[in-house]
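Report on one structure; see the data block that follows.
Read-outs throughout are calculated quantities, based only on the coordinates presented, and are distinct from any laboratory measurement. Here the structure is a predicted model, which means the values were calculated and not measured. Ideal geometry is used to build each Cβ from the backbone, glycine not excepted, and the neighbour counts take in all protein chains shown.
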Amino acid sequence: MMTISRLQLPRRTFLRGLGVSLALPFLDAMVPAFAQTARSGARGVPRLSVVYVPNGIEMSRWTPASDKLELLPITAPLEKHKQQLVMISGLATAPAFPIDGEGTGDHARASAAFLTGVHPKKTEGRDLRAGVSMDQIAAQYIGQSTQLPSLELCLDSNDLLGACEAGWSCAYANTLSWRTPTTPLPMENDPRAVFERLFGDVDSTTPAARRERLKKDRSILDSLTAEVARLQGRLGPGDKQKIDQYLDGIRAVEIRIGKAESGADQELPEMTKPMGIPATYEAHAKLMFDLQVLALQTDLTRVATFMMSREVSPRSYPEIGVSDPHHGLSHHGNNPEKRALLAKVNTFHVQLLAHYLDRLAATPDGDGTLLDHITVLYGCGISNGNEHLHTDLPILLAGGGSGHLRGGRHVRVKTDTPLTNLQLTLLDKFGVPVDTLGDSTGRLEGVAGV
């Protein structure tokens with residue numbers, strides 16, 4: 001099952017049970033086999049996480065008035081992590097603006113260009129075209145030594161095809177990730193499917209097959225009891241605590257998915273609603289964030305992209321008292337009440353981001369935490385949704401970037417600097433040898449560096 005020699009575990013060590021392979025988090029016992037990273041101080045394994053929110057931001061409650069990093073009402077939930085935040089003002093995505101005669105499509109172009117820097121081809125057919133996205137470029141380099149080069153997740157179902165713009169394929173709104181200029185990657189919104197992709201083996205992905213498997217084996221951990229006990233008997237106290245924390249996290253996620261599935265089956269037995277999706281947006285978002293933490297913790301992937309909602313989303317948020325559709329609120333016509341509700345939605349999204357950062361900060365990784373060794377890019381391809389502006393975008397970096405990201409700053413760049421310049425700079429920090437990305441014109445000095 002595994003080889004333990006002088007308590008030195010290979011970095012890619014797995015526990016194996018009946019039909020299950022479970023990757024381990026980074027342990028002290030792996031340091032001799034991973035000595036170069038251990039000796040490098042805070043500069044651990046680089047990881048990239050992209051979190052996207054749609055429809056623009058109430059910028060008056062986002063952007064600080066000075067060069068000092070001041071957390072206004074929307075970003076206030078991130079106060080605990082202020083010293084690991086970099087807010088950047090002045091970036092733009094020019095390819096998201098319409099070309100002559102193109103008309104509508106600002107939302108489709110916003111998401112398609114966010115990580116590609118390329119103006120997408122207007123089409124409702126299969127002849128899609130954008131560009132290779134920044135996350136997939138990163139995955140080609142920092143993701144090739146992991147089980148999954150990248151992970152693409154979302155919260156909206158791809159079945160909601162009515163929430164797209166006329167003349168534009170829904171594929172542009174349904175993903176941020178493009179493997180090639182003509183190959184958009186699907187994003188998964190079902191926690192059970194994500195969990196099984198990370199940890200479990202199944203013969204079929206049909207709901208009936210899943211229920212039967214769950215009935216026979218409620219937990220992937222059940223078949224690993226003997227392996228866990230054997231491993232823990234040969235580890236030090238610190239590693240035992242890490243293993244316990246990791247397994248507790250997996251168990252907790254399993255329980256939450258099981259509860260969601262049980263509730264869905266009882267309430268909607270005749271519908272084709274995906275299994276494992278919690279009843280509330282907040283619970284769904286937190287579960288998907290927690291799955292990302294588990295995937296990063298075990299080094300199953302080093303690149304994750306997450307859409308908290310799609311552009312032109314009609315979603316409402318009754319759990320925070322917002323019954324109006326999100327997209328409608330973004331076209332507020334400068335109505336103070338609608339702008340306040342939009343800010344409430346924006347703040348809710350940031351609160352969920354804070355949950356993600358909390359989990360990353362609480363997860364040991366090498367000589368620090370996952371938050372120390374990750375770069376989280378949070379933002380939107382639209383600033384003022386009322387005017388469909390793709391300038392002065394709301395962009396936030398979080399994490400230590402494996403020692404490459406100095407936080408506690410608000411950085412103002414030259415107006416209309418391409419967002420791809422920032423992304424190209426981050427790729428440099430990951431050691432990815434790329435000279436250009438979409439509409440990039442160069443690197444950003446002093447933004448990602450220390």
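Annotation note: GluC sites (Glu not before Pro) in the stretch 63-106 located in DSSP loop regions with a Cβ neighbour count of at most 16 within 10 Å are E70, E102. If the segment from Q83 to T441 were pulled out straight at 0.36 nm per residue, it would be longer than the present Cα-Cα gap by 126.0 nm.
Cα centroid separation, the stretch 301-336 to the stretch 84-145: 19 Å.
Residue ranges 305-313, 116-124 sort as 305-313, 116-124 when ordered by packing (mean number of other C-beta atoms within 10 Å per residue, highest first). Between E70 and R406, the FRET efficiency estimated from the beta carbon spacing at R0 = 25 angstrom works out to 0.90.
Coordinate range of the alpha-carbon atoms in the stretch 358-450 per principal axis, descending: 44, 32, 20 Å.
In plain terms, the residue of L231, L419 with the fewest other Cβ atoms within 10 Å comes first and the most crowded comes last, giving L231, L419.
A simple charge model with +1 on the Cβ of Lys and Arg, -1 on the Cβ of Asp and Glu and nothing else charged puts the dipole of the stretch 57-203 at about 400 debye relative to its Cα centre. A Cβ-based charge dipole, computed about the Cα centre of the stretch 114-194 with Lys and Arg at +1 and Asp and Glu at -1, lands at about 300 debye. Using θ = phi - 60° in the Karplus curve 6.51 cos²θ - 1.76 cosθ + 1.60, the 3J(HN,Hα) couplings for the stretch 357-373 round to 5, 4, 5, 4, 5, 8, 9, x, 8, x, 8, x, 10, 4, 5, 5, 10 Hz; x is entered for Gly and Pro. Residue-wise HN-Hα couplings along the stretch 127-134, as the Karplus relation 6.51 cos²θ - 1.76 cosθ + 1.60 with θ = phi - 60° gives them from phi, are 7, 5, 7, 9, x, 5, 7, 4 Hz; Gly and Pro carry x. Taking amide hydrogens as placed 1.01 Å from N in the peptide plane, the amide H of R47 sits under 5 Å from those of T375, each at least 5 positions away in sequence or on another chain. Take the Cβ-Cβ distance between D248 and I99 as r, set R0 to 41 Å, and report the resulting FRET efficiency rounded to the nearest 0.05. The computed FRET efficiency comes out at 0.20.
Taking Lys and Arg as +1 and Asp and Glu as -1, the other residues whose beta-carbon sits under 12 Å from that of R412 total +1. The amide H of W178, built 1.01 Å from its N in the peptide plane, has S133, Q136, L185 as neighbours under 5 Å, considering only residues 5 or more places off or on other chains. Close amide H partners of V322, meaning residues 5 or more places away or on another chain with modelled amide H under 5 Å apart, are Y317. Relative to the Cα centre, the charge distribution of the stretch 270-421, modelled as +1 at Lys and Arg Cβ and -1 at Asp and Glu Cβ, gives a dipole magnitude of about 300 debye. Fewest-first ordering of S89, S133, S316, S66 by other beta carbons within 10 Å of each residue's beta carbon gives S66, S316, S89, S133.
If you take all other residues with their beta carbon under 10 Å from the beta carbon of T347, and give Lys and Arg +1 and Asp and Glu -1, the sum is +1. Looking only at the stretch 81-98, which residues have a backbone nitrogen under 17 Å from a spot 7 Å from the Cα of T415 in the C-beta direction? Of the residues in the stretch 81-98, 89-94 have backbone N under 17 Å from the label point off T415.
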